[in-house]
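Have a look at the structure below, then the notes.
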Amino acid sequence: TAIPSELLESELFGHVRGAFSGAHGDRVGKFQAADEGTLFLDEIGDMDVRLQAKLLRVLQEGVIEPLGANRRISVDVRIVASTNRDLEKAMREGKFREDLYFRLNVFEVKLPPLRERKEDIPALAETFLLGFARNLGKPGLRLAPEALAGLQRYTWPGNVRELQNLMERVAVLCKDDVVSGSLIRSSLPVEVPPAQTNLQLEQALAELERHMILDALAASADNKHAAAKLLGIGERTLWTKLKKHGI
């Protein structure tokens, strides 16, 4: 996606001198450069449909034809492609070729969003922080336990890139050897509440019950009978709980 669509064909397959305006010499494309190796195509879902057809031919026949050339060059390249788009939906909308999808989809790896694999956050965060800290001359910089806990409570709409950017930001801002939980909270776009380390089970259950009651009341437009039905309890029980929680 970083390459304009009109130049992408030349980038992938190469060109010869005079193939188009500004082509002052021959150029080896990425496919030829990656012969007997691996070529990673990022954001494949954004590729122009016309170019998708040419890519499909290369994958099927194992040959490329540089722009302006009369010769075909055999290539043996392993393709790894990625996308954040729903390609099945794109196929239905005519934005991605079905034949190319099935040609690429020999082995699929689905990477869940960061919010669904929070156990990965500590290792990723510490790795990013270590790299940025080294470049900034702060090799001893580390994350406090409450900072890691704050990272795991955030939902990460920007996924790993957002985490990487955050680690660079706190590496610049941190004035001590330890990144604190408060620095993490102030650096995130939304407020992340501090960990409630002393919260008892009874308190947690009471808070959960209160939120469920409020949700049921909102869903039923404050109709107590309907809210009780949603919660699976009697209306009299609901009134007792409303009084208990001060709702």
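If you line up the long axis of helix 235-245 against the longest principal axis of the chain, both from Cα atoms, how many degrees apart are they, to the nearest 10?
Computed tilt is about 90 degrees.
May I ask you to work out the translational diffusion coefficient for the chain at 10 °C, viscosity 1.306 mPa s, via Stokes-Einstein with Rh from the Kirkwood sum over Cα pairs, reported in whole µm²/s?
68 µm²/s
Calculate, in whole percent, how much of the Cα-Cα pair population of the stretch 112-183 lies beyond 19 Å.
Percentage above 19 Å: 26.
Would you work out which of 205, 104, 220 lies farthest towards the positive end of the dipole of the stretch 89-247, given +1 charges on the beta-carbon of Lys and Arg and -1 on that of Asp and Glu, about the Cα centre?
Positive-end residue among those listed: 220.
Grab the DSSP H runs of the chain that are 4 residues or longer, score each as -39,500 (n - 2.57), total them, divide by all residues and round the 222 nm result to the nearest 500 deg cm²/dmol.
-14500 deg cm²/dmol
Residue 26 to residue 84: FRET efficiency via 1/(1 + (r/R0)^6), r the Cβ-Cβ distance, R0 30 Å, to the nearest 0.05?
That gives a FRET efficiency of 0.30.
Please compute P(r) over all alpha-carbon pairs of the stretch 1-98, binned at 5 Å starting from zero, and give each bin as a whole-number percent.
3, 13, 22, 25, 19, 12, 5, 2, 0
Give me the percent relative contact order of the chain, please, defined on Cα pairs under 8 angstrom at least 6 residues apart.
Working: 275 pairs, mean separation 29.6, N = 247.
Across the chain, relative contact order equals 12 percent.
Taking only the alpha-carbon atoms of the stretch 47-90, what semi-axes of the equivalent ellipsoid follow from 5 times the gyration tensor eigenvalues under a square root, in whole Å, largest first?
After diagonalising the Cα gyration tensor, the semi-axes are 24, 13, 8 Å.
Which pairs, out of 54/110; 30/118; 110/229; 89/229; 95/118; 118/138, put more than 29 Å between their alpha-carbon atoms?
Beyond 29 Å between Cα atoms: 30/118; 110/229; 89/229; 95/118.
Residue 172 to residue 46: extension gain in nm, 0.36 nm per residue of separation minus the Cα-Cα distance?
42.0 nm
Bear in mind these aren't lab numbers, they're just calculated from the coordinates by the rules spelled out. None of these values were measured; they are calculated from a predicted model. Using ideal geometry, Cβ is built from the backbone for each residue, glycine included, and neighbour counts are taken over all protein chains shown.
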